[in-house]
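Visitor: Just passing along the structure, written as structure tokens.
Read the figures in this text as sums done on the coordinates, not as results from a lab. Because the structure is predicted, anything quoted here is derived from the model rather than measured. Here Cβ is always computed from backbone atoms with ideal geometry, including for glycine, and neighbour counts include all displayed protein chains.
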Amino acid sequence: MDTLIELDQSIFLYLNNLGSTRFDTLWLIITNKWASIPLYLLLIYLLFKNFGVKQTVITLLVVALMITLTDQLSYAVKHSVMRLRPCGEPRLEGLGRFVAECGSYGYFSGHATSSFALAIFLGLIFKNHYKYSFTALIIWALLVSYSRIYVGVHYPGDVLTGMLVGTTIGTGCYYLNKFAQKKYKSLKTDSLSQN
């Protein structure tokens with residue numbers, strides 16, 4: 001276990017020190033959750049455009065459940081494992097570039113979890129409608145995930161775990177959404193046939 005922790009710290013220091021003050025502002029914007037609001041608005045618009053109001057409402061309810069799940073799960077694990085973030089690790093003081101507010105515990109990354117969950121979920125929904133949507137969403141999630149290492153608040157292990165958990169939750173929620181949409185359509189058909 002100690003070897004894995006040391007490896008994680010070494011990879012963190014290598015990746016984190018690739019940064020430069022010239023790019024700090026860019027990565028601070030990428031890592032800021034509010035910076036993705038224009039993307040979210042675009043995605044909601046595309047949902048409405050392709051699926052209509054009722055199906056979009058069902059999808060957004062599943063998204064709300066998914067984001068709640070990713071946030072609560074990463075919060076619960078962070079406060080169970082209690083692994084210090086790189087920026088709070090005394091042994092790394094003076095060795096890394098810490099350019100964001102630190103926070104307490106870091107395992108595993110909530111940003112990586114929620115961004116990958118959303119990218120996988122919406123990527124699967126849009127893949128037959130927009131050719132490069134899946135790839136574009138994965139690139140966005142990778143940038144958000146890497147930004148956590150760049151600003152010094154997560155180790156690569158935190159980010160990789162978040163990516164895996166997010167991918168799993170996003171895939172599960174995609175199938176939950178498919179089930180909910182099918183159920184809604186069958187209820188709608190039943191009510192029409194009764195009239």
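Visitor: Measure off 7 Å from each Cα along the Cα-to-Cβ vector at V81 and L15, then give the distance between these two points in nanometres to one decimal.
Guide: Going by the 7 Å Cα→Cβ label model, 1.3 nm.
Visitor: Further, regarding this structure: Label-point separation (nm) for A64 and Y130, each offset 7 Å from Cα along Cα-to-Cβ?
Guide: Here the modelled spin labels are 2.3 nm apart.
Visitor: Set the bar at 24 Å for Cα to Cα. Now go through K54/K127; K49/K127; K127/K178; K131/K185; K49/K185 and name every pair that lies beyond it.
Guide: Working: K54/K127 20 Å; K49/K127 15 Å; K127/K178 14 Å; K131/K185 26 Å; K49/K185 18 Å.
Those over the limit are K131/K185.
Visitor: With just the Cα atoms defining each centre, how far is segment 46-62 from segment 93-152? Give it in Å.
Guide: 24
Visitor: For the chain, can you list the cysteines whose C-beta has no other cysteine C-beta under 4.7 Å from it?
Guide: C173
Visitor: How much length would be gained if the chain were fully extended between T168 and F48, taking 0.36 nm per residue of separation minus their Cα-Cα distance, in nm to one decimal? Kindly include the intermediate steps, with their values, before the conclusion.
Guide: Values: separation 120, 0.36 × 120 = 43.20 nm, distance 2.54 nm.
Once the chain is fully extended between T168 and F48, it gains 40.7 nm.
Visitor: Moving on. Could you run the Debye sum over the Cα atoms of segment 13-105, one equal point scatterer each and no solvent, and tell me log10 of I(q)/I(0) at q = 0.15, 0.16 Å⁻¹, two decimals?
Guide: -0.84, -0.89
Visitor: Of the listed values (1) 9.9; (2) 12.6; (3) 10.8, grab the one calculated as mean projected area of the Cα convex hull in nm² from the structure here.
Guide: (2)
Visitor: Could you work out how much longer the chain between T3 and W34 gets when fully extended? Use 0.36 nm per residue separation minus the Cα distance between them, nm to one decimal. Walk me through the intermediate numbers first.
Guide: Details: separation 31, 0.36 × 31 = 11.16 nm, distance 3.65 nm.
That works out to 7.5 nm of additional length.
Visitor: Something else about it: What is the set of long-range amide H partners of F23 at a cut-off below 5 Å, with H atoms built 1.01 Å from backbone N?
Guide: none
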